[in-house]
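The values are calculated or read from the model by the stated rules, or taken from the named source; none is laboratory data. Keep in mind that this is a model prediction, so the values were computed, not measured. When the accessible area is computed, the model is the full protein with side chains, heavy atoms only, and any ligands, DNA or RNA have been set aside. Shrake-Rupley method; radii C 1.70, N 1.55, O 1.52, S 1.80 Å.
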Amino acid sequence: MVTRLLRTPLTWAVVVVLAAGAAVGLWWFQPWKAVTDTRVAERLSDVGVAATPSVGPTPTGGAGPTGPTPTPAGPTLLSRGEFVTHEHDTSGAARVVRAGDGRHRLELVGLATSNGPDLRVWLSDQPVRAGRAGWDVFDDGRWVELGRLKGNRGDQAYDIPPGTDLAGLTSVSIWCKRFAVSFGAAPLTPTG
């Protein structure tokens with residue numbers, strides 16, 4: 001009976017459909033990423049804090065602003081924040097750095113999160129909310145994709161495109177584009 005069943009075209013059609021479904025399911029979910037890590041060890045900026053106006057004596061002896069302190073020639077830390085967990089346990093820090101030549105980049109310091117399919121790094125205007133409430137908010141407002149996540153562990157840097165208005169981009173998310181969910185996010189608080 002089994003031999004006769006294996007000879008029918010319907011049986012083979014079912015086998016082909018099940019095999020194709022399994023292949024698509026494996027590609028879509030990529031379950032092996034749950035047990036593998038990709039480590040990155042890029043060199044990060046040696047940063048100082050952004051310059052702020054200083055207050056000191058005026059030439060007439062009174063107190064008043066003396067103007068901004070000179071901008072250091074090297075990289076300057078503009079904002080930073082610590083990651084909170086969303087869909088997957090996530091820790092580490094994020095910071096926005098201005099290079100001496102005026103370019104900006106986002107640096108992830110000591111990132112530790114789960115690996116997953118189609119992970120991206122997004123700057124966003126959405127507030128960071130802890131727990132389930134923060135999982136799916138980052139695609140609701142304005143966001144800028146900086147690229148695919150280079151690795152789920154370690155230090156890494158992403159160039160911010162020239163002309164990006166950083167004023168309203170107050171958070172960074174490790175965003176799973178395939179499932180529209182944040183693995184973890186960090187608020188970006190100005191340091192100056």
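Annotation: amide H of PHE83 within the under-5 Å range of GLY92, ALA93, ALA94, sequence separation 5 or more or interchain, hydrogens built in the peptide plane. Under 5 Å between amide hydrogens, built in the peptide plane, is the criterion, and for VAL40 it picks out ARG153, GLY154, ASP155 among residues at least 5 positions away or on other chains. Rounded to the nearest whole Hz, the Karplus-based 3J(HN,Hα) values (6.51 cos²θ - 1.76 cosθ + 1.60, θ = phi - 60°) of region 83-96 follow the sequence 6, 10, 7, 10, 5, 10, 3, 9, 9, x, 10, 10, 8, 9, with x at glycine and proline.
With the whole protein complex present, THR164 retains an accessible surface near 40 Å², based on a 1.4 Å probe. Across THR76, THR191, the residue with the most accessible area heads the list, and the full order at a 1.4 Å probe is THR191, THR76.
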